[in-house]
Structures are given as structure tokens and as C-alpha cells.
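Enquirer: Right, I'll just put the structure down here and ask away after.
The values are calculated or read from the model by the stated rules, or taken from the named source; none is laboratory data. This one's a predicted model, so the numbers in the text were calculated from it and none came from an experiment. So basically every Cβ, Gly included, is an ideal-geometry build from the backbone, and we count neighbours across all protein chains shown. The area values use the complete protein model at the heavy-atom level, side chains included, leaving out ligands, DNA and RNA. Shrake-Rupley method; radii C 1.70, N 1.55, O 1.52, S 1.80 Å.
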Amino acid sequence: MMLSRAKPATSQAASSPAKESSKKKKKLPKLEDYLTNRDYTGAITLLEFNRSSGKGSEEVDMWIAYCAFHLGEYKRAMEEYQSMTKRDGCHPDVWVNLACCDFFLGMYKEADEAAQKSPKSRLQNRLLFHLSHKVSQNSDFNDEKRLMHYHQNLQDIIEDQLSLASIHYLRSHYQEAIDIYKRILLDNRDYLALNVYVALCYYKLDYYDVSQEVLAVYLQHYPDSAIAINLKACNHFRLYNGKAAEQELKTLQEMASPSFTFAKELIKHNLVVFRGGEGALQVLPPLIDVIPEARLNLVIYYLRQDDVSEAYNLIKDLEPTTPQEYILKGVVNAALGQETGSREHLKIAQQYFQLVGGSASECDTIPGRQCMASCFFLLKQFEDVLIYFNSIKSYFYNDDTFNFNYAQAKAAVGNFKEAEEVALLMQNEKLKNDYTYLSWLARCYIMNNKARLAWELYLKMETSGESFSLLQLIANDCYKMGQFYYAAKAFDVLERLDPNPEYWEGKRGACVGVFQQIIAGREPRETLRDIIQLLHNTSNMQVEYIVRTMKKWAKDNRLGMP
């Protein structure tokens, strides 16, 4: 907990008796006081003063490095330890402490080299245990045998068990981590910080309300904890929205002193997420190698900006180790495959989705089922897609992206009535102006005998290649469904845009179809005037014969014609 050291100056008259004041003046701050209060900024200031006053020693240097480490200034701590290693007969703990600094800086190879130079100890074993988990190009790393070797050296002591729990967490074995933390808490109820770790595990398991309850135990005692408040904000983001989450972080920022630097990068990162990507390009790039999620969130930002190539360049060399990384690589490859028509990228995406959706740990989660639905979607097995979508639709009633895909799957299996209902639930204007959405909605309208609504979708579009494609869809689908009036109108526009003989044949057939429906009483007689006008738009020898036949029928049935 950071304590304020700013004290107002007071006059002697306003203070306690002179004798007591004199005693206070004689009392100098001690290093132990600062350390007890976890005031590492105050401690490091005192230590540096001592060093600059000629009272420096190896012990002072060790304490300066220690304080810098606990302030999160790992680079500075590393430099202090490095300078100590160059001295003759340096303290044996320096090497393992240096390795810890390298580890926190993401310099895993250097951390491993430094740790190997330190005497064997429980800390060294725990550090090497974690290093074995880290992915690296070095063949010594990410070695399961090496990991198990250090695992076997762990003892049934709290520090080692906490280290084991953290590895379970990093490997997404959240329930195993919770079991260890709860077992330790049974005998050590005063270890309140473990509640934060348990809450974090529940957060990862999507039990956000449970996470909040567990977290509250710690926040009652330490309401200004940066890590706990940040986790509370993340829970609020999941349970409510970004504004509620941002408000929690604002509380933390207001409480923090100007010298407060711990978790500053994490807070900046999360504010970008809570604000829907605002400031992503300024905040996230420098944090890519600091916060693992920064790269993933920057990829998501590029995807939302439709910059698929940048998203792909950022993630293509990432070797996925968590479900979230597999899912995001799948999404990026699917987007790139659809944008470029690359079947290879679509196949890679399908494989990533299948890996996550088929895994024992994810198959019954919402993301896992979404992955299986995505896998079958790319394989065009829409009956299977709907099995998974139907199992999770209650969680996504107002989710436009889900409804966008759900409607397509419904339409693909011929369930056009429900597809139309789902499509009309969507509110996002960007998605509603997407050609895929417009074309599927138009088809649903036509298949549900609402061709006029499909025609109105076309009329709202600007002239483009997509509007031409929509015209073709309306013309052919309306013809197929016997809605000849709008088929004739669509073929008429197509013929004027492109004098292709096929469009005339389609228009001719549609006009004759409307005429038949008028005779059968299934279309208003007044429609015949529009049909004749459409026919006159074509200069073809067959037009006069067809029009003459229509007019003769109109005359015989006392229908006035111009």
C-alpha cells in the first residue's frame, strides 16, 4: 500500500509542547520503517542519500535493487545487480536476483543463464520451473521433460505450492490452481492476497460474479490495491459495460500519488479496451512485449478497422498457447481467406477453430461452441452450425455479430422465416449495409413472398457492383419463386445496364408470368400497364407481338389501356 509522505508544515505554536516537538525532530526515518510500510520510493530515496554521502556498501546496493524491483522498475534493478556481479566475491544471491529481473523483463534466455550461475536454492528451482514453461526459440525452453524435472523438485511448502499454482494458471488449468490456493487459505486465512489469485482464476473461467465475491474479501482490507481494483474493473466490463469498468479505474487513478507507477501500463492498456479501442495505436504498440494481451487487443483493433493485413502481420508469427490465441488466429485467417479468396487461410482457420472447439477444456464453453460453429460454417455444414448456435443463442440475443451469422445459417438450410426475424433484430448500421447482410435479407424477403421489400433494399443502394449483384439475385430468385412482377422490374434494369440477351429472355418470361397471374386473378389488373411499359423499354421484334396480345386481352376484359 502506497502511503502519502506529504506532510503540511506547521508552526511550533500550533504543535504539541516544545519538549515533545524536540524529540520528534531528533527522530530520523529508518529503512525498516519504509520497508514495513512498503514505501519503496521513500526507502530508495534514503538508501541513495546514504550511498551519495559516502555510506555506500554492498548491503545498500542490494537494498536499492530490492526496492527498485518492488517498485516495478525491473530495468533499474537489473542494472544494479549487473554492476554487483562485476565485483570480486559478490553476494551469492545476486545471480538469482538478477535472473528474476531478467524474467520480469521478458529476457528469458538471459534469466536462464543468470539462474544457472546461482547456488541451488528453492527460489532458483522455482524460477527455472517458470522459465521451462516459457516459449522460446532456444531448444532448452518449452521442454516438458525439463519442466517436470523442476516440478519434481518442488516441496510441500507455501512458496513452492504458489509457484505450482501459477504454472497451472499459465497453462489454463484454472481449477487446479484454485484447489491449491483454497488449500493454502484453509490453514492461512490471513494470506488475504490469495483471494485475488482465486478471483483471477474465476474470472478466467467466466464466473465473473463469483470472482467479484471473492475479490471483495481482499478489497475490504486493501481498498487501494491496483491489481484488485483492476480485476474488479475487468469483472465490471464483462458483467456490465466499458463505462462501468472505466469508472473503477478512475477511482484507482484518483487515489494514486504522482509517484505511483505500479501497474500503470496495465491500467493504460485496459482503458483502451474499456473505451472500445480508443487510443489503441498510441498505447498498445509499445506494450506488445510487456503485456501479452496487448498484441491480441491490437489485432482485434485492426480487425474492427477492417485492416485485415495488419492484423495478420501482427499475429502470423505468434505460436498460440491459449484458447484465446488459437481463436484469434482462426478469426484472422478466416477474415484474410474471405477477403483474398485464399482457400489455404480458410483451411487453417477451420483447423484452429476445430482444435479449440474439440478440446476437452473448451468443448462445453461458449467460446468453444462458437469455434465449432465457425468450423462447420467454413465447411458449409450449416445443419451442424445450427446445433451449436442454438445451444448458445440465449447468451447473444442482442449481439449483432452473432445474429449476422445465425441468420445466414438459418437461411442456408432453408429456414427463411426465422432467418428474416433474426436478421431484423440487428442494429449495427455497418453490418446492415454489408452486402452479405443485404443479399441474404433480400433472399429471405423473396422466399417469404415479400419481394417488394427486397426491391426496396435495392432502391436504397447506390449504383455499384454490389447493387448490380443484388439486382441479379432479386431477378433470379423472384423468377424462381413466381414473383414475376419484381423479377420483370429487376431484369428490366439489368437489361438497361447490360444489353445481355439473357436479361431480355428473363424479362420476357417474367412479363408473361405477370400476365398469366393477372388473368388468374393473382395480380391486380392495373399491373398490366407497368408490364407493357417495361416491355416498351426493349427494342426487340418480339415486344410488339407480346404487347398486342396483352392489349387485346385488356380490351376484351374492359381494362382501359393508354
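Enquirer: Cross-link list K480/K507; K430/K460; K380/K450; K109/K145; K109/K134: which exceed 21 angstrom alpha carbon to alpha carbon?
Expert: K380/K450
Enquirer: Rounded to the nearest 0.05, what FRET efficiency do K432 and Y240 give with R0 = 30 Å and r taken as the Cβ-Cβ distance? Could you check?
Expert: So the FRET efficiency works out to roughly 0.70.
Enquirer: How high is the relative contact order of region 368-483? Use alpha-carbon pairs under 8 Å, at least six apart in sequence, and give a whole percent.
Expert: This gives 17 percent for region 368-483.
Enquirer: Which three extents, in angstrom, do the Cα atoms of region 65-125 have along their principal axes, listed largest first?
Expert: Cα extents, longest axis first: 26, 23, 19 Å.
Enquirer: Which of the aspartates and glutamates could a cross-linker span from K551 if the Cα-Cα distance has to be under 13 Å and same-chain partners fewer than 8 positions apart are dropped?
Expert: Straight-line reach from K551, under 13 Å: E526, D530.
Enquirer: Could you give me the radius of gyration and the Dmax of region 247-404, taking only the C-alpha atoms into account and expressing both in angstrom?
Expert: My reading of the Cα-based Rg and Dmax gives 17.7, 59 Å.
Enquirer: Averaged across orientations, what area in nm² does the convex hull of the alpha carbons in region 377-496 project?
Expert: 7.5 nm²
Enquirer: Provide Rg and Dmax in Å for region 414-562, with only Cα atoms included in the calculation.
Expert: 16.5, 53
Enquirer: Now for a separate question. Using a probe radius of 1.4 Å on heavy atoms only, what accessible surface per residue do you get for region 243-402? Whole Å² is fine.
Expert: Heavy-atom accessible area per residue stands at 56 Å².
Enquirer: While we're on this one: What does the helix-only formula give at 222 nm for the chain: each DSSP H stretch with n ≥ 4 adding -39500 (n - 2.57), the total divided by the residues, and the result rounded to the nearest 500 deg cm²/dmol?
Expert: Rounded to the nearest 500, it is -21500 deg cm²/dmol.
Enquirer: Q354: net charge of surrounding residues, Cβ under 14 Å, Lys/Arg +1, Asp/Glu -1, itself excluded?
Expert: Charge balance near Q354 sits at +1.
Enquirer: Once you have a ≥ b ≥ c as the square roots of the Cα gyration tensor eigenvalues for region 181-277, tell me rounded if a/c is under 1.5, and otherwise prolate or oblate according to whether a/b is larger than b/c.
Expert: oblate
Enquirer: Here's a follow-up. Roughly speaking, what is the stretch gain from I387 to R496, that is 0.36 nm per residue apart minus the C-alpha to C-alpha distance, in nm to one decimal?
Expert: 34.8 nm
Enquirer: How far, in degrees from 0 to 90, does helix 174-187 lean away from the longest principal axis of the Cα atoms of the chain, to the nearest 10?
Expert: The angle comes out at about 30 degrees.
Enquirer: Given bins 10 angstrom wide, list per bin the percent of all Cα-Cα distances in region 482-550, short to long.
Expert: 23, 59, 18, 1
Enquirer: Something else: Roughly what would the spin-label model give for L459 and S394, points 7 Å off Cα along C-beta, in nm?
Expert: Simple spin-label model gives 4.2 nm for this pair.
Enquirer: Accessible area of H149, 1.4 Å probe, to the nearest 10 Å²?
Expert: For H149, solvent-accessible area is about 90 Å².
Enquirer: Over the chain, calculate the relative contact order: mean separation of alpha carbon pairs under 8 Å at least 6 apart, over the residue count, as a percent.
Expert: Taking the mean separation of contacting Cα pairs over the length of the chain, I get 4 percent.
Enquirer: Could you tell me which GluC sites (Glu not before Pro) in region 440-478 are loop residues by DSSP with no more than 10 other beta carbons within 10 angstrom of their beta carbon?
Expert: E462
Enquirer: Using only Cα atoms and rounding to the nearest 10 degrees, what angle (0 to 90) does helix 74-85 make with the longest principal axis of the chain?
Expert: Approximately 40 degrees, to the nearest ten.
Enquirer: When a/c is below 1.5 the answer is rounded, else prolate if a/b is larger than b/c, else oblate, so apply that to region 140-228 with a ≥ b ≥ c taken from the square roots of the Cα gyration tensor eigenvalues.
Expert: Since a/c reaches 1.5 and a/b is larger than b/c, the shape of region 140-228 is classed as prolate.
Enquirer: Could you tell me which trypsin sites (Lys or Arg not before Pro) in region 303-350 are loop residues by DSSP with no more than 12 other beta carbons within 10 angstrom of their beta carbon?
Expert: Loop-located and lightly packed - K316.
Enquirer: Something else: What does the net charge come to around A510 if you take all other residues with beta carbon closer than 13 Å to its beta carbon, with K and R at +1 and D and E at -1?
Expert: Neighbourhood net charge equals -3.
Enquirer: Moving on to the next point. Of all trypsin sites (Lys or Arg not before Pro) in region 165-221, which ones are in loop regions per DSSP and have a Cβ with at most 15 other Cβ atoms within 10 Å?
Expert: Sites meeting the loop and neighbour criteria: R171, R189.
Enquirer: If you don't mind, another one. Under 8 Å for C-alpha pairs, at least 6 residues apart: give me the relative contact order for region 293-419, rounded to a whole percent.
Expert: 13 percent
Enquirer: Taking the alpha-carbon set of region 87-177, what are its Rg and Dmax in Å?
Expert: Looking at region 87-177, its Cα Rg and Dmax stand at 13.2, 47 Å.
Enquirer: Continuing with the same structure: Could you tally the net charge around T340, taking each other residue with its Cβ under 15 Å from the Cβ of T340, Lys/Arg +1 and Asp/Glu -1?
Expert: That works out to -2.
Enquirer: May I pose another question? As I understand it, the value is the acute angle between the Cα axis of helix 400-412 and the longest principal axis of the Cα atoms of the chain; what does it come to in degrees, rounded to 10?
Expert: Once rounded, the angle reads 40 degrees.
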